[in-house]
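Let me begin by presenting the structure, written as structure tokens, before commenting on it.
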Amino acid sequence: PYNTGNDSFIYPDKFAETLKDYQQRVGDKDDEGYLTKDGMFKKNSKENGQYHSNWLNMMYPRLFLAKNLLKQDGVIFVSIDDNEVHNLRLLMNEVFGEENFVASIIWEKKFAPSNDAKWFSDNHDYILVYAKYKQDWKPNLLKRNDEALKRYKNPDNDPRGVWVSGDMTVKTYNSKYDFPIQTPSGRLVNPPDGICWRFSKERFMVLREENRIWFGKEGSNVPRLKRFLTDVKDGITPLTLWKHKDVGHNQEAFQEVRKLFNGKQFFSTPKPIRLINRFIEIGCSKSDIILDFFSGSGTTAHAVMALNAEDGGTRQCISVQLPELTAEKSEAFKAGYKTIADIAKERIRRAGQKIKQENPDYNGDLGFKVLKLTDSNFKQWQPINHNIDELSSQIELFVDPTSENASVEHMVYELLLKSGKDLNAKIEHKDNYHLINQNELVLMLEQANQKIVDAVLADRPLKVIALDKLFNGNDQLKTNTALQFKDAGIEFKTI
């Protein structure tokens, strides 16, 4: 049966209706057949009959790509609320494999109850953790905080340093491990019924001889095992329950953004920096690349820069955000931020300035590049089936292969990608050509003459790519250029 009440987001199938009628009924299109407001970025309402399907279709390709981009020992953290956590777990199992599931973490995102909640106060979110290959990834240990370190004391002035005492009993009963122990005060102590000691009598006597058993200051307490700080691991194994006092909460995240924007709130659902820091601390080295598919207000980039300034790391961050429109009545829109991506860019700029002010001696990289996915700067050849007139017309169009809206800067980055270069490659703009990574590549996109060719030859690049139209009407220059580069052992290509 279907729930057809006012709160329903499941619609009964009507196999006789057309796709257009269905899209209008569930709100995908208006009565005139157009996409509803904001086009592809419209809210995925629960009243939509394809609510869960839309979300899964959006997530699947991103997660599939994320797995391909991860290193062999890479890990992914996905924050999610109750609406889709059940679907996400199944989707992650399909993409990453159930065998690569690491943990389901509960994050306490609120520090106070919501008394106006209709049923329960929603105070937590989930964070699903999957490794690309679980056998190749191990979480980093967390640093012990002051509270954890305070538990280590040295009441008996043991020369091995501070220690904490641990329980010596176990619930798995073994009669060989059930024996009385006499305390220094002369009192006999037995383990409780159905429980035994953790060690055999022989092992216990060795530990007692080594002064690793604690009977209390008066020597009459139940024996406990001394665990020295010097003997334990260098950190704490991460838990699956993250308290707000350790990793922050929503209100803390709001305040972090508000302070950067002079008290104004331009983003409604940011994540706290401390939460992202916990991801990085557990999953990354100091030189890793962190990718955020849903960067929102840019918290991840902010966290990476701040953490690098704190510990001297060289982590890099890639933030991805669709140009989702801000609401026209919102404070962000009124302040000039037309998209969420605009808010993120400004936040990262201001965060970098703040980090520099707070760490004046820090010389790390606080800059960033903004790249947008767009159409190619070069015309795409269209296949033509035996039509000589159309073929001739298209050949004429390709005398200049650049598209109408192409710019030199955009062509540089597109050719970097097509040449297999890093977008963080060092780009030096010289006299009418671009030198990439000192001498790996030269791009000639503006002018071509013998003076420029001589300058390029002096830089001794490994490869040169030039626009063919730069030699238009000067076949001699093109031929001589090709011969000079060949004699110099430089690969030369025109497009």
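Numbers at a glance
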item	result
First in region 279-303 and farther than 23 Å from Leu260 by Cβ, second anywhere and of a type in the set (Asp, Glu), Cβ under 8 Å, 6 or more apart	Lys286/Asp311
Region 409-457, residues that are farther than 23 Å from Lys379 by Cα and open to solvent by less than 50 Å² (accessible area, probe 1.4 Å)	Ala425, Leu435, Ile436, Asn437, Ile452, Val453, Ala455, Val456, Leu457
Pairs with Cβ under 6 Å, 6+ apart, first in region 69-83 and touching a residue at least 24 places away in the same chain (Cβ under 8 Å), second surrounded by 18 or more Cβ atoms within 10 Å (Cβ to Cβ) and outside any strand (DSSP E or B)	Leu70/Lys132; Asp73/Trp137; Gly74/Lys132; Val75/Trp137; Val75/Gly283; Ile76/Ala66; Phe77/Phe279; Ile80/Leu88
Pair list, Cβ under 6 Å, 6 or more apart: region 220-235 residue farther than 14 Å from Lys153 by Cα, other residue open to solvent by 50 Å² or more (accessible area, probe 1.4 Å) and hydroxyl-bearing (Ser, Thr, Tyr)	Ser220/Ser185
Residue list for region 171-185, filter: open to solvent by 40 Å² or more (accessible area, probe 1.4 Å) and either of a type in the set (A, V, I, L, M) or out of contact with any Leu (no Cβ under 6 Å at 6 or more places or on another chain) (or both)	Lys171, Thr172, Tyr173, Asn174, Ser175, Lys176, Tyr177, Asp178, Pro184, Ser185
Count - residues of region 100-158 that are under 16 Å from Phe279 (Cβ atoms), open to solvent by 80 Å² or more (accessible area, probe 1.4 Å) and touching a strand residue (DSSP E or B) at 6+ places or on another chain (Cβ under 7 Å)	0
Failed criterion for Ala406 (all others in (1) open to solvent by 50 Å² or more (accessible area, probe 1.4 Å); (2) at pLDDT below 90 hold)	(1)
Single unsatisfied condition, Ser393 versus (1) at pLDDT 90 or above; (2) open to solvent by less than 70 Å² (accessible area, probe 1.4 Å); (3) of a type in the set (Gly, Ala, Ser)	(1)
Identity of the residue in region 186-200, open to solvent by 80 Å² or more (accessible area, probe 1.4 Å) and either touching a strand residue (DSSP E or B) at 6+ places or on another chain (Cβ under 7 Å) or part of a helix (DSSP H, G or I) (or both), that ends up modelled with the highest pLDDT	Leu188
Output for region 296-326, where each listed residue is under 24 Å from Gln357 (Cα atoms), in a loop (DSSP other than H, G, I, E, B) and polar (S, T, N, Q)	Ser297, Thr314
Subset tally (residues that are over 17 Å from the mean Cα position of the chain (by Cα), open to solvent by less than 50 Å² (accessible area, probe 1.4 Å) and of a type in the set (A, V, I, L, M, F, W, C)) for region 298-334	2
Some residue of region 370-380 being within 30 Å of Val247 (Cβ to Cβ) and either open to solvent by less than 80 Å² (accessible area, probe 1.4 Å) or modelled with pLDDT under 85 (or both)	yes
Enumeration of residues in region 460-471 that are at pLDDT 90 or above, open to solvent by 40 Å² or more (accessible area, probe 1.4 Å) and at negative phi	Leu462, Lys463
Single residue of Lys354, Lys286, Lys271 found to be open to solvent by 70 Å² or more (accessible area, probe 1.4 Å), among the charged types (D, E, K, R) and in a loop (DSSP other than H, G, I, E, B)	Lys286
So Lys67, is it modelled with pLDDT of 55 or more, closer than 23 Å to Ala327 by Cα and in contact with a strand residue (DSSP E or B) (Cβ under 9 Å, 6 or more places away or on another chain)	no
Flag if Phe101 is among the aromatic types (Phe, Trp, Tyr), in contact (Cβ under 8 Å) with a residue 24 or more places away in the chain and on the phi < 0 side of the Ramachandran plot	yes
Residue in region 201-208 that is part of a loop (DSSP other than H, G, I, E, B) and either charged (D, E, K, R) or open to solvent by less than 40 Å² (accessible area, probe 1.4 Å) (or both) present	no
Those residues of region 435-492 which are part of a loop (DSSP other than H, G, I, E, B) and β-branched (Val, Ile, Thr), in sequence order	Ile490
Checklist (1) out of contact with any Lys or Arg (no Cβ under 7 Å at 6 or more places or on another chain); (2) open to solvent by 40 Å² or more (accessible area, probe 1.4 Å); (3) outside any helix (DSSP H, G or I) applied to Lys345, failing item	(3)
Extreme residue, modelled with the highest pLDDT, among residues of region 224-235 that are open to solvent by less than 60 Å² (accessible area, probe 1.4 Å) and out of contact with any Gly (no Cβ under 9 Å at 6 or more places or on another chain)	Gly235
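The values are calculated or read from the model by the stated rules, or taken from the named source; none is laboratory data. What you see is a predicted model; the values in this text were computed from it and never measured. For neighbour counting, all protein chains shown are included, and Cβ atoms are generated from backbone atoms with ideal geometry for every residue, glycine included. Ligands, DNA and RNA are stripped out before the accessible areas are found, and what is left, the full protein with its side chains, is counted by its heavy atoms. Shrake-Rupley method; radii C 1.70, N 1.55, O 1.52, S 1.80 Å.
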